[in-house]
Amino acid sequence: MRMKSFFNSGIIIASMILASCGGKSGKESEKKENGPGKSEPSMKAEMGSAKKDEAPVKKVDKKVDKKSSSKEIKELKKIGHFLDMWNDLYSKNEPVINKYQGMPIMALVTPVMGLVTSPQYDLLNSNNADGKFEGVLILAGKKAFVEKKGAILTFGYTYTLDKDKFGDSNKKGDVKVEQGKADLGKGYFSLKTWTERGGKKVAQSNYEFKKLADGSMIALVTTDSSFRNKRHQSFIFLHNGKAKYDFVVGKGKKGMEFKEVSFGPSGELNKDSALKLLNDSGFQLDKKGGIKDGNLVVDK
């Protein structure tokens, strides 16, 4: 199974989706996002000034950090380092995953989508300084913010669709929200995305990643969405480490109420505890497994 091609294609697709969500470019797009009655100069003035009850918003330096590379990351210093660290671990397991002869298990590569777009936020604060920074995300094309207080970073954006797009959760007037948090000290990353319609969430995805003491990483992803008016819910746990790629994959039971699950900044999971969490949260096990004797195997 060529999981590498699926992985690379997934990243490309994610980038294309973000780009397509950017809406129209130029003054017309700015006018719509700024809202009625706000000119471009007045909007820039608002962004450049500090509100009394918020940290000062600093001017965005769009220079790319040339020191950033694909080399192994030993210490988390930026949001994008979570992606670098995950990819480094994955690259060592990739040959084993690629030679798996069974049906492709897309759940083995899709969780990283929660990290793929995170470097955009680092570009809003290229000097990695404390404070609040605002600007337009290079892929999503949306006005966003990142705020850094020591080892803690929060980031996100909110916008409203101005026209129908593909899918049940992309209708004109839908409110799209992305909220993230990175605790560099604890090695914890979380990202929540959702779509609101009429004050209710019609789709949501929750991602968590954590670096463990042994240098490995775990990921937990839960999703709730709709396609052709049918609900689709999923549960994915991965443990990515040296000669280790444990996984627990589940799906929502018919008629189940979606529950947000989390291991939190101080929590940890392994394959057994993830299976218990899956069952306790009302999901149904699809498959579980990992690397054994140099091969990727699905538990029977």
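Would you be able to say whether some residue in segment 248-258 is in contact (Cβ under 8 Å) with a residue 60 or more places away in the chain, in a strand (DSSP E or B) and within 23 Å of Pro104 (Cα to Cα)?
Step one: list which residues in segment 248-258 are in contact (Cβ under 8 Å) with a residue 60 or more places away in the chain, which gives 249.
With the extra rule that they be in a strand (DSSP E or B), the set shrinks to 249.
Filter once more, keeping what is within 23 Å of Pro104 (Cα to Cα): 249.
Taking every residue of segment 248-258 in turn, at least one turns out to be in contact (Cβ under 8 Å) with a residue 60 or more places away in the chain, in a strand (DSSP E or B) and within 23 Å of Pro104 (Cα to Cα).
Can you name the condition, by its number, that Glu178 falls short on among (1) touching an Asp or Glu at 6+ places or on another chain (Cβ under 9 Å); (2) closer than 18 Å to Leu139 by Cα?
(1)
If you go through segment 259-276, how many residues are in contact (Cβ under 8 Å) with a residue 40 or more places away in the chain and either of a type in the set (Phe, Trp, Tyr) or not in a loop (DSSP other than H, G, I, E, B) (or both)?
Total meeting the criteria: 2.
Inside segment 159-178, can you point out the residues that are surrounded by 14 or more Cβ atoms within 10 Å (Cβ to Cβ) and either touching a His at 6+ places or on another chain (Cβ under 7 Å) or hydroxyl-bearing (Ser, Thr, Tyr) (or both)?
Listed by number, the residues that qualify are Tyr159, Ser169.
From the list Lys242, Lys288, Lys251, Lys292, exactly one residue is of a type in the set (Lys, Arg) and within 20 Å of Gly114 (Cα to Cα). Which is it?
Working: Lys242 fails: within 20 Å of Gly114 (Cα to Cα); Lys288 fails: within 20 Å of Gly114 (Cα to Cα); Lys292 fails: within 20 Å of Gly114 (Cα to Cα).
Every option except Lys251 fails the conditions.
Since every read-out is calculated from the coordinates, none of them should be taken as a lab result. Values in this document were obtained by computation on a predicted structure and should not be read as measured data. Every residue, glycine as well, gets a Cβ built from its backbone with ideal geometry; the counts of neighbours run over all protein chains shown.
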